[in-house]
Amino acid sequence: MANKNDDFLKKLLVTFRIEAGEHLETMSSGLLALERATVGEQRMEIVEKIFREAHSLKGAARAVNLAEIESVCHSLESVFAGLKSNRVAESPPLFDLVHQVLDALAGLLTPDEQLGKSGKPAVAALIQRLDYASKAAAPGKPPTASGPDQPDPGTGAGRLLPSVSPGSRTIRVHLAKLDSVMRRTEELFAPRLAAGQRVIELRETGAAVAVWKKERVKVQPARRMIERSLARTGKTNGAKRGQAELTKVLEYLDAESQLLKTIEDRLAKLERSAEHDHRSLSGMVDNLLHDVKEMHMLPLSSLLGLFPRLIRELARDQGKQVELVTQGGEIEIDRRILEEMKDALIHLLRNCVDHGIEAPAEREQKGKPPHGTLTIAISHQDSRKVEILVADDGTGIDVGKVKAAAGRLGLVPAEEIDKLDERERLALIFQSGFSTSPIITDISGRGLGLAIVREKVDRLGGTIAMETRPDAGTTVRIVLPLTLATFRAVIVQASDQLFIIPAASVERVTKVPDTDIRTVENRETIPLDGRTVSLVWLSDMLELSRPRGESAHNAKAVVLGLGADRIAFRVDAILGEQEVMVKGLGRQLARVRNVAGASVLGTGQVVPVLNVPDLMRSATKPSATQVTPASETTAEAGKQSILVVEDSITSRTLLKNILEAAGYNVTTAVDGIDAYTTLKTGTFDLIVSDVEMPRMDGFDLTARVRADEQLSGLPVVLVTAMESREHRERGIDAGANAYIVKSSFDQSNLLEVVRRLI
């Protein structure tokens, strides 16, 4: 009996967490709306709505015996009751406090017991502050002026993703079950293709029998000659035996003719039955797949709802004012795409706030309003694609800085940089490790954010493009498929192997006469619609051998398009177009260059699905992706020296061990003066320094290094516990190249920064 009760309680808690997540999401969005609202009646409606949500959550928590959540909601009710009666004044500190409370509630909803236990002291402090705010605050007086100390708002690890609100005639289904149904439904696509293949095979067999029947007609004149010969033969015993044998041959031919007609009729009947079964199966599978896809579709508003809070906190931390405008949130897209794009969009928005939007004073100097505008607009591009536009009205991207950074990082040979147009230079921003930021912080500067965005978009089979105007802002356009399961594809053959290319990226298939192939700058090209397009061998891009004896006469090519780029890939054969279902390659082959996945044809053959963005990059820069061998990297690192400046022996030893394990020579100093003296007596490639130290701190040491002619170019990484915006700005002003906060310190993070700088 106890086990049954435990199982019931677990199921009840799962249901409660889903319901609570919806209440918290509504309260969070309502709180953000309350901060922006200006009309009195509208503000009261929002307060009433949040008040009701807190009351509902309190009742649900009481039903599952979660007293802690019930207590927090009770205190929240008191605050919003005070707002309704004007006993409590609205203020930014109060809004910050309520946001922290909502984060703490989300943390308490996580199944992980450790999170719940560690969050109890913070929750208790928040309840105390809420009670103080509801009782002591008066209009015009901030509720936290003399209240208890503010607890750490937490990392937000316990936040729940928004879920679709239940309506009439709906039920809740666990996502794991829905995903299982989707996978099983997608598996039906293979038998559907196999059924179609059986129809083709039966049709081909029927055609072969028809050919056989035509060939058999040709022996009829010979048969008539045999019959006439038999009529003229004598009556001898030998003649009788020969006549009997010929008669058996004629009887066999008659029986064979009847058998051939029976087989032909049988094949025709089987073909009709197979076609009927294929049509029925195709209709059922297509309808089922469509319905399950519809169940997997979520409005983009379920993701956009996370961003107002994120933008608010980022802007506040950097002393900026940013207004977020969203459009097209009602458009639905595959939930799996939504989950994949969440981190990518967060990276883009962080970049817009950090690099794009200027500080209020700077914007006013340029004649702009003090608050910047960040826009996310979603629209249908066609029936199978959706476009996500992320734009800001900030300072724009300095193409000159992009050019300088590309040359400094060696992403493009120096002699090639000037040949790139503006669009090609902007595309360099998506390279891993590329950054124009003067300093590396926990928000940006490592050059990984946009590289992650492009990788996510490529993996989903989408495209990304960027536009910028000086002092007018930057626009990023992302085009994605609406669903992931199936797509139309062109099947080609290269080096005796079959490959699948998504039809959405195929501009056209064509035959190229040898007279149209020209060589320009050591590259083969062909004319296409009045412009010159590169012609490359698909087998070369896939590192396969070319077929022997191949003539350029009427070469077959597939023209692929990505953004404004067009490249023709030469293949051995183009076998046709059909709908296919792509499958991942598994964890062991999660990222294979030029390959996005695999598909099973109706014949049972497994065929690779090509990654078009990868192919385009391989074709334009076949030598751009150069991987440095690990042994070479280690040897190079072994020649480089790093000075670690840290007054704490524990931190100093930790940093020394991490860097030495990575192959660097490490020298230590106990403070800024000791470090500066050491710099004058030795040669170093980089400095890793704490900030708070006796005699000379890290800021002063950095400034002293920058003022010294011999040391001015030496990279400086500040590792400190001080994470405020003022301290970061002071680090930038002093000339630091990177600013790592100890609260988010990670060994791989430090090593990645060091490798970037030296």
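The values are calculated or read from the model by the stated rules, or taken from the named source; none is laboratory data. None of the values given here were measured: they were computed from a predicted structure. Using ideal geometry, Cβ is built from the backbone for each residue, glycine included, and neighbour counts are taken over all protein chains shown. Calculation scope for accessible area: heavy atoms of the full protein, side chains included, ligands and nucleic acids excluded. Shrake-Rupley method; radii C 1.70, N 1.55, O 1.52, S 1.80 Å.
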Any chance you could count how many residues in segment 343-387 are β-branched (Val, Ile, Thr), open to solvent by 20 Å² or more (accessible area, probe 1.4 Å) and in a helix (DSSP H, G or I)? 1
Just need a number here: residues in segment 52-69 that are open to solvent by 50 Å² or more (accessible area, probe 1.4 Å) and touching a residue at least 12 places away in the same chain (Cβ under 8 Å). 5
Confirm whether Gly576 is out of contact with any Asp or Glu (no Cβ under 8 Å at 6 or more places or on another chain), exposed (fewer than 15 other Cβ atoms within 10 Å of the Cβ), modelled with pLDDT of 80 or more and not aliphatic (A, V, I, L, M). yes
Would segment 274-290 turn up any residue that is in a loop (DSSP other than H, G, I, E, B) and either crowded, with 16+ Cβ neighbours inside 10 Å or modelled with pLDDT under 85 (or both)? no
Exactly one of Arg203, Arg216 is in a helix (DSSP H, G or I), at pLDDT 75 or above and either among the basic types (Lys, Arg) or closer than 30 Å to His23 by Cα (or both), and that one is Arg203
Hey, any hits in segment 514-525 for a residue that's assigned to a loop (DSSP other than H, G, I, E, B), surrounded by fewer than 21 Cβ atoms within 10 Å (Cβ to Cβ) and touching a residue at least 24 places away in the same chain (Cβ under 8 Å)? yes
Of the residues Ile491, Ile500, Ile478, which single one is in contact (Cβ under 8 Å) with a residue 60 or more places away in the chain, at negative phi and touching a Phe, Trp or Tyr at 6+ places or on another chain (Cβ under 8 Å)? Ile491
For segment 307-336, how many residues meet the condition of being under 30 Å from Lys583 (Cα atoms), open to solvent by 20 Å² or more (accessible area, probe 1.4 Å) and of a type in the set (A, V, I, L, M, F, W, C)? 0
Taking segment 452-469 and keeping only residues that are in a loop (DSSP other than H, G, I, E, B) and either more than 21 Å from Ala504 (Cβ to Cβ) or not small (Gly, Ala, Ser) (or both), one is left with Leu460
On the given criteria, is Val595 open to solvent by less than 30 Å² (accessible area, probe 1.4 Å), closer than 21 Å to Val506 by Cβ and either at pLDDT 80 or above or polar (S, T, N, Q) (or both)? no
Being in contact (Cβ under 8 Å) with a residue 60 or more places away in the chain and of a type in the set (Val, Ile, Thr) narrows it down to one residue among Val353, Val322, Val285; which is it? Val285
Restricting segment 531-545 to residues that are outside any strand (DSSP E or B) and under 30 Å from the mean Cα position of the chain (by Cα), the residue that is modelled with the lowest pLDDT: Glu543
Only one of (1) at pLDDT 80 or above; (2) in a helix (DSSP H, G or I) does not apply to Val88, and that is (2)
